[in-house]
1. What figure in square angstrom, to the nearest 10, would you give for the accessible area of Leu416 with a 1.4 Å probe?
2. For the pair Leu322 and Glu308, how long in nm is the line joining their label points, each one 7 Å along Cα→Cβ?
3. How high is the relative contact order of the chain, in percent, with contacts defined as C-alpha pairs under 8 Å that are six or more residues apart?
4. Which of the chymotrypsin sites (Phe, Trp or Tyr not before Pro) found in region 1-79 are loop residues per DSSP with 10 or fewer other Cβ atoms within 10 Å of their Cβ?
5. So if R0 is 45 Å, what FRET efficiency would Arg363 and Lys36 give, r being the distance between their Cβ atoms, rounded to the nearest 0.05?
6. With every protein chain present, what accessible area does Asp48 have (1.4 Å probe, heavy atoms only), rounded to the nearest 10 Å²?
7. Out of all DSSP beta bridges with both ends in the chain, state the antiparallel percent to the nearest 5.
8. Test of the criteria: in region 2-41, which trypsin sites (Lys or Arg not before Pro) are in a DSSP loop and have at most 12 other Cβ atoms within 10 angstrom of their Cβ?
Amino acid sequence: MGSVKGFLNYDRKKKQYEHPETRKNHFKEFSVSWAKGEYEQQASRCMDCGVPFCQSGCPLGNKIPDFNDAVYNSNWKEAWRILKTTNNFPEFTGRICPAPCEASCVLGLNNQAVNIEHIEKEISEMAFREGWESPFNVKKDTGKKIAIIGSGPAGLAAAEELRKLGHSITVFERDQEPGGLLRYGIPDFKLEKRIIERRIALLQSTGIDFKTGIEVGKDISTDTLNIEFDATVLCIGATVPRDLAIPGNTLNGVHFAMDFLKQQNQLISGEFTSDYPVISAKGKRVVVIGGGDTGADCLGTSVRQGAESIIQIELMDKPPLLRAEANPWPEWPMVISESTSHQEGGKRDWALLTKRFIGENGRLTGIETVRIEWQNRHEFLFTEVPGSTQIVPCDLALIAIGFSGAEKGLAEEFGLKLDSRSNIESSGYNTSKANVFAAGDCRRGQSLIVWAIAEGRRVAKAANVHLQLSVSSASGSFQK
């Protein structure tokens, strides 16, 4: 490394944002770049560890010490080259990845981790500004056609990798625009959709065909795909929301988080029409059920919509400020985190069980909760605290407690097996049907964007090997 004492000379610098009172009045991204030279300074904190745990903590295996060294030496183009060898879309991960690499940073043993994610974002933005990111080269046409169903990060990564190899790629997306949960599930204040559109345009320029507003199994049959394409890759996500099977969950005012977030993104893009009822927090008492990132996104969106009050509740105990002894480095730190949305308003509460939704004339008016004490988290055993029942006034309840697996309809159309968690069963990335592959959340369950990209890259290799073998056995004419 260029600076062997950078981690001793400089502290971790906090990310900079617009003031909460300013940013909560709009849906645009609000992060502020550091001053010139501060990225190089922060990159110098990377210690060039003998064993860089950050790389193993990253599902993509990003070469983090290498690109940090390049940034420190102001060789940003080299940093971009290094980053792109492992990560197809660092402009996405640099914005919305929870950065497991930073949790694994060796400096985190007794200091604050290197600012890996923020540096990654700046590398990607500079690459676009300077024109370093351009359409990739495509190998000689193989004559093979591959259908990819789903245009989220896994589908996009698979499409890019397979197109590089010379295959003809068609991406089918049932929504009106490509991007999957990147477009419809992530608020614009975390990821403006122009960032997605910029990437899609690059992919299209290489010959990848996006067919949107087409639902496979309804608008086009799986039999047609099997006839027209040599292979199909399913990247359909784990989009079945986990429900709260409690009294009152059908009341008007009880909604899944993703329905709420998707609609807001559609309103901003102009895609939403008045044919559907608007889910709005304006002037309402909002309760977000679920303490994760999706719940925080609901909180930030509700603030911007003008909610009267917001509370985000969580079933688990309030996490500690520091790692517990049973949660050592380099495991993911089970400590309390504060998102930018929590800085903008609302309240948070923990160890609360939602008992029932209460309503009048079919409309939600409140939620009954009770405090709990955990006996065994692994076996999900807890007891209710006597006398702690309360009624929380509520006009809008947003359920953000995760997902329960992939939608079964398409898997059934293809005749695929599902595992015990309702994910598509696979051996590696091969499903139970020849020429059909699966990757991302539909294969491994709800996970991170960085895992989705990694899965997309890996399923591309599996599909390519399969096509090589099938052509080789037929004629031996396939060009590697």
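The values are calculated or read from the model by the stated rules, or taken from the named source; none is laboratory data. Because the structure is a prediction, the values reported are computed rather than measured. Methodologically, a virtual Cβ is constructed for each residue, glycine included, from the backbone with ideal geometry; neighbour enumeration extends over all protein chains shown. For the accessible areas, the whole protein counts, side chains as well, though only heavy atoms, and no ligand, DNA or RNA atoms are used. Shrake-Rupley method; radii C 1.70, N 1.55, O 1.52, S 1.80 Å.
1. The accessible area of Leu416 comes to roughly 20 Å².
2. It is 4.3 nm.
3. Working: 953 pairs, mean separation 76.9, N = 480.
Averaging sequence separation for qualifying contacts and normalising by length gives 16 percent for the chain.
4. On the way: sites: Phe7, Tyr10, Tyr17, Phe27, Phe30, Trp34, Tyr39, Phe53, Phe67, Tyr72, Trp76; in loops: Tyr10, Phe27, Phe30, Trp34.
For chymotrypsin sites (Phe, Trp or Tyr not before Pro) across region 1-79 that sit outside H, G, I, E and B with at most 10 neighbouring Cβ atoms in 10 Å, the list is empty.
5. Working: r = 55 Å, r/R0 = 1.21.
With a Förster radius of 45 Å, E is 0.25.
6. 80
7. Roughly 40 percent of the beta bridges in the chain run antiparallel, per DSSP.
8. Details: sites: Lys5, Arg12, Lys13, Lys14, Lys15, Arg23, Lys24, Lys28, Lys36; in loops: Lys5, Arg12, Lys13, Lys14, Lys15, Lys24, Lys28, Lys36.
Hits after loop and neighbour filter: Lys5, Lys14, Lys28, Lys36.
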